[in-house]
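Notes to accompany the following structure.
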Amino acid sequence: MSTSIQDLAVETHNKGGKFRVLVTKNLPGEDWLKVLTSAGAQVDICTAKQTILDNASITKLVGDKCDGVIGQLTEDWSDELFGVLKAAGGKVYSNYAVGFNNIVLEDATKHGIAVGNTPGVLTETTAELAAALTLAASRRLLEAEKFMRGGKYEGFLPNLFVGKLLQGKTVGVVGPGRIGFAYAKMMVEGHKMNILYNSHEPQPEIADYFNKYSDFLESQGGTRVTARQVELEELLQNSDVVSLHCALTPETRHLINKERLGMMKPDAILVNAARGPNVDEKALVAHLQANPGFSAGLDVYEDEPAMAPGLAECSNAVLMPHIASATLWTRSGMAKLAACNVAGVLRGYPALKSAGDVLQFVDADPGSVPKLAPSILNAEAVGLERSS
Ligand SMILES: O=C(O)[C@H](O)CO
């Protein structure tokens, strides 16, 4: 049923359900909706045209009664909105994203709201896009495609769109968590690249993995690859490709700035499919302009949806509109996890233990998902039990 809440178009499912769940954007797939309606929720999906909903619009949509919300990474979930949700009787908010830099967790906790996110289903999909950006940048695919569509191709030429070979070069992975490690495997195993990685914690398991991989390569008569955890400066100075996979925190804001860009090889490739503000975008534009041999592959921007002035004109940058997780399997899996987070908390289920298997929710029949909330970030702080 389509109606409107104070001029914002809304589609309602299971009207009169025991709980009211607001979903600020329609989501892919069908399972997520079944999860919520099977849990007894009336689901109100905002179908208003504007891409980014401001706090005033979300406040109207939450209204006087709302038990849970599934929201977007473009929304500002901090004290104001958590207060509004609490006042409407809300208990749970789930981001439709694994990243949660748009959420102030302490504010949610202060209002007693459990907060969920959607890890696990994005790992390979996001890593694949980072790999695609790397290849597109190294082989100048978008420049060449534009040339072709522009009818400029007059025949094979030895110097036409000469790019950079990845095979045997060094890839630097900053923040090798789930996604960064998956990307590293694609680049090392696919292109026999050596790897340098940087993270706050010692992660010997990554070097171990690639050492074992090297044993395998050697057993097949191939050449070993090297893998080392290093300081950021060493990584930047020695990598041919640098890919960012770190969360956005006060420490990682402008991690890549003018000074650090200056440490990189003049013909390096910088990939960012994590969060835009990890890079000082103005400094990156200046660097791309001054170093035509340097390339960037970006899926995220410092001030989305805007781009820094001059970036769109840099032919040495490959620019994508924040689509790293955009495969149907992943995006509908994220929707299902977000729905399970909200339904699980509303039904009073425990939260799944940290780093538990979230794919069991994605694969389950929507009417019989496990009786748990798959990924609640502040479970302990809001007094939710965790599965053992
Ligand atoms: O954090 C995330 O989940 C991505 O940026 C969008 O899928």
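Laid out as a table, the results:
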| item | result |
| --- | --- |
| Relative contact order of segment 133-199, pairs being alpha-carbon contacts under 8 Å that are 6 or more residues apart, as % | 31 percent |
| With every protein chain in place, segment 313-388: carbon and sulfur % of accessible area (1.4 Å) | 54 percent |
| Between helix 204-219 and the chain: long-axis angle, C-alpha atoms, 0 to 90°, nearest 10 | 50 degrees |
| Cα centroid separation - segment 182-209 against segment 212-239, whole Å | 8 Å |
| Viscosity 1.306 mPa s, temperature 10 °C, Stokes-Einstein D of segment 3-63 from Kirkwood C-alpha radius, µm²/s | 134 µm²/s |
| Distance histogram for the chain (every C-alpha pair counted, 20 angstrom bins, percent rounded to whole numbers) | 27, 51, 22, 1 |
| Of all DSSP beta bridges in segment 166-310, antiparallel share, percent nearest 5 | 5 percent |
| Per residue Cα convex hull volume in Å³ - calculated over segment 163-253 | 96 Å³ |
| Carbon/sulfur fraction of accessible area - segment 250-290, other protein chains in place, 1.4 Å, % | 51 percent |
| Rotationally averaged projected area of segment 19-115 (alpha carbon convex hull; nm²) | 5.7 nm² |
| Solvent exposure, largest accessible area first (probe 1.4 Å, DNA, RNA and ligands not counted), of TRP329, TRP77 | TRP329, TRP77 |
| Share, in percent, of DSSP beta bridges within segment 1-98 that are antiparallel, nearest 5 | 40 percent |
| Calculated P(r) of segment 126-192 - Cα pairs past 14 Å, % | 64 percent |
| Eligible lysines near LYS110 by straight Cα distance, threshold 16 Å, same-chain separation 8 or greater | LYS86, LYS91 |
| Principal axes of segment 203-327: Cα extent on each, largest first, Å | 51, 31, 28 |
| Mean separation of Cα contacts under 8 Å (6+ apart) over length of the chain, as relative contact order % | 18 percent |
| Residue-averaged [θ]222 nm for the chain, counting only DSSP H segments that reach four residues, each worth -39500 (n - 2.57) | -10000 deg cm²/dmol |
| Heavy-atom surface of the chain, accessible at 1.4 Å and reported per residue (Å²) | 46 Å² |
| Using a Förster distance of 22 Å, the FRET efficiency for PHE147-LEU319 (Cβ separation, nearest 0.05) | 0.85 |
| Taking N as its residue count, the alpha carbon Rg of segment 270-333 over 2.2 N^0.38 Å | 1.17 |
| For segment 149-281: lysine pairs under 27 Å (alpha-carbon distance), excluding those fewer than 8 apart on one chain | 14 |
| Share, in percent, of DSSP beta bridges within the chain that are antiparallel, nearest 5 | 20 percent |
| Whole-Å distance, taken between Cα centres, linking segment 303-374 and segment 1-20 | 23 Å |
| Tail weight of P(r) past 24 Å, computed on alpha-carbon pairs of segment 286-388, percent | 48 percent |
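The values are calculated or read from the model by the stated rules, or taken from the named source; none is laboratory data. All of these numbers come straight from a predicted model, not from anything done at the bench. Glycine gets a Cβ as well: all are built from the backbone with ideal geometry, and neighbour counts include every protein chain shown. Only protein heavy atoms, including side chains, enter the accessible area calculation; ligands, DNA and RNA are left aside. Shrake-Rupley method; radii C 1.70, N 1.55, O 1.52, S 1.80 Å.
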